[in-house]
Amino acid sequence: MASLLLRQRRVSALGVSRILQAVNGDSFRLQPESNCRTFATFGVIIRNYSSGKGTAKLDFTDLTRPHTWYLNARKKQRKVFLHVGPTNSGKTYHALKRLESSSSGVYCGPLRLLAWEVAERLNKARVPCDLITGQEKDEVDGAKHKAVTVEMADVTSDYECAVIDEIQMLGCKTRGFSFTRALLGIAADELHLCGDAAAVPLIQELLKVTGDDVQVRSYERLLPLVPLEVPLGSFSNIRTGDCIVSFSRKGIYKLKKKIETGGKHLCSVVYGSLPPETRTRQARMFNDASSEFDVLVASDAIGMGLNLNISRIIFSTMKKFDGLERRDLTVPEVKQIAGRAGRYGSKYPMGEVTCLDAEDLPLLHSSLKSASPTLQQAGIFPSFDFIYMYSRLQQKRGLYQILEDFLENAKLSENYFFANCEEMLKVAAVIDELPLSLQDKYLFCISPVDMDDEISSQGLTQFAENYAKKGLVRLKEIFSPGSLQVPKTHSALKELESIHKVLELYVWLSFRLDESFPDHELASSQKAICSMLIEEFLERLGFQNPTSRKLNSLMAKKRRQYL
């Protein structure tokens, strides 16, 4: 199936490390930008420093005062409300009620699913709300509210009210800088932050220099969460409303098969690399009381973004591979996942949590009793403006070398850390050889590509090559519409998920370079077909009965609508 995508040079993810080692700082000469902007335009305050000769120079590497980058926000005396508490405590509900009653506002969430949910909620409440994520833009007539993914937060507009959900993610090594940017940069009269209490001291420290008025509002769980003293033991003890958690695709499908082989239950499936649309439909089947899909098998992707009617969380293991090693789950991870049980408003009077094996119970119990470690630093990352101005001093170097040198020489205050930009550097190493402007290279580097996925990385390489050669990227030159099929094996499923990533990347680029990536509608429809085909595979994988056959027929009908 991968051959459908790749009609040109293949560059595997394994080859990236060799390319990284082979990068030559002189391989690409930066071209001057035609739209060079002044410092005042992008509102960055750069400190002066003196050379040995006393000549004043600009220090583009001084990032010690990031709050000064956002002039609109600094003009306001913001009221900041910190809504903190455990999962299912109602903290986000109260923030959203204030957003709903405001004359203008923005919701910033960590996931597209959350942005979708909030946009739907506000529009149903007759508060016109736009939906804006990296892959979609759904504008509503007369809307003065927006629901966005945090990376799409607009720091140039004024709002009466803004909500940032899961604010503790400002400590995330990869995405934390987007939450820091929203925290410091959104110009709102009221800023409502929802998340874990572990983020409070750091946020209070960061906002000391902004002049904002900060208030903390604490919440308790609305329904009790009860850690059980006994493990699940046998799969025959699985019951309706259970969610069993695994941290690998292989483990998830193994558990689904074991549970459904018993003939009593059908399982919905949720994990990170599933398309968001598929995750949403799987969750809805599980939540639907009339559906026969009454058990959920999921990864830690359920920790945020899905409202699930879970009675009991069951950890199949208390260890996960984090890309470097197989380690014990952290206290915040255990709490985030376990807290999904006992959703307020569901039919269950409380939430329960246990493990598959007795040996894992001590770690579960100790984690639930422990406080989450207090956050020490917030993520930060330089905007293109910083990188561009710094590049003027490095005329003969490619973006990879510019980024590497900038990060090595940049100065931060003790409250901040640099976000992990390994993925950006991998992209920069691949595209530095292409005759692209620095701004175009930067755009490809911040795109949602998975460079560890061979098909995804090949898709990005081909998009960049075609764009550099012709300034026009037609999807049909790389991808064959109409050739997608329901996967028959797990390896074919993984390929289809990778193809979905490539189509999603095209859609992302088409929003930013619309004239050069004109096949937005085709990519969107093929992306939807991918989601449907993956879901058909999930249904066929398990125990079949008349109800599930009807669902397959329904999904086949939906898929034909996109053809």
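The values are calculated or read from the model by the stated rules, or taken from the named source; none is laboratory data. Quantities reported herein were computed from a predicted structural model and do not represent experimental measurements. Cβ sites come from the backbone with ideal geometry, for glycine too, and all protein chains shown count toward neighbours. Keep in mind that these areas ignore ligands, DNA and RNA; they rest on the heavy atoms of the full protein, side chains included. Shrake-Rupley method; radii C 1.70, N 1.55, O 1.52, S 1.80 Å.
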ask   = Are any of the pairs 75/144; 256/369; 97/173; 97/527; 173/426 more than 24 Å apart by Cα-Cα distance, and if so, which?
value = 256/369; 97/173; 97/527
ask   = Residues in the stretch 233-266 near a label at residue 350, defined as backbone nitrogen under 19 Å from the 7 Å Cα→Cβ point?
value = 239-243
request  = Using label points projected 7 Å from each Cα along Cα→Cβ, tell me how many nm separate residue 369 and residue 218, to one decimal.
outcome  = 2.0
remark   = For the chain, the longest principal axis of the Cα atoms and the Cα long axis of helix 546-562 enclose an angle in degrees, to the nearest 10, of 30
request  = Stick to Cα atoms and the Kirkwood definition of Rh, then tell me Rg/Rh for the chain.
outcome  = 0.96
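Starting from 0.36 nm per residue, how many nanometres of slack lie between residue 393 and residue 491 once their C-alpha separation is accounted for?
That pair, residue 393 and residue 491, stretches by 30.6 nm at full extension.
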query = Given 0.36 nm per residue, what is the gain on full extension from residue 411 to residue 322 after removing their alpha carbon distance, in nm?
reply = 29.2 nm
inquiry  = Can you report the principal axis dimensions of the stretch 179-317 using only the alpha carbons, biggest first, rounded to whole angstrom?
reply    = 61, 35, 28
remark   = Computed on Cα atoms, Rg of the stretch 263-355 relative to 2.2 N^0.38 Å comes out at 1.09
request  = Work out the FRET efficiency for residue 422 and residue 383 from their Cβ-Cβ distance, taking R0 = 22 Å, and round it to the nearest 0.05.
outcome  = 0.70
inquiry  = Need one number for the stretch 195-270: average projected area of the convex hull over its C-alpha atoms, nm².
reply    = 8.6
message = At a 10 angstrom cut-off on C-beta neighbours, averaged per residue, how do the peptides 269-280, 493-504 rank from highest to lowest?
response = 493-504, 269-280
key: Label-point separation in nm, residue 261 to residue 512, each point 7 Å along Cα→Cβ   = 4.6
task = Among DSSP beta bridges whose residues both lie in the stretch 106-253, state the antiparallel percentage, nearest 5.
result = 10
ask   = If you bin the C-alpha pair distances of the stretch 383-447 every 10 Å from 0, what whole percents do you get?
value = 20, 58, 20, 2
message = Between residue 307 and residue 520, what is the label-point separation in nm under the 7 Å Cα-to-beta-carbon projection?
response = 2.9
key: Per residue accessible area of the stretch 302-382, 1.4 Å probe, in Å²   = 44
ask   = Rg and Dmax of the stretch 411-500 over Cα atoms: what are they, in angstrom?
value = 16.4, 54
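Full extension from residue 248 to residue 452: what is 0.36 nm times the residue separation minus their Cα-Cα distance, to one decimal in nm? The partial results should precede the final answer.
Details: separation 204, 0.36 × 204 = 73.44 nm, distance 1.60 nm.
Stretched fully, the residue 248-residue 452 segment lengthens by 71.8 nm.
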note = Counting only residues 5 or more apart in sequence or on a different chain, those whose built amide H sits under 5 Å from that of residue 163 are 106, 107, 108, 192
task = Report, in degrees rounded to the nearest 10, the 0 to 90 angle that the Cα long axis of helix 249-261 makes with the longest principal axis of the chain.
result = 10
key: Rounded to whole Hz, the Karplus (6.51, -1.76, 1.60) HN-Hα couplings of the stretch 74-90, x for glycine and proline   = 6, 6, 9, 9, 6, 9, 10, 10, 9, 9, 10, x, x, 4, 6, 10, x
message = To test your reading of the geometry: what angle, between 0 and 90 degrees and rounded to tens, separates the Cα axis of helix 520-541 from the longest principal axis of the chain?
response = 30
query = Ranked from highest to lowest mean number of other Cβ atoms within 10 Å per residue, what is the order of the peptides 115-122, 322-329?
reply = 115-122, 322-329
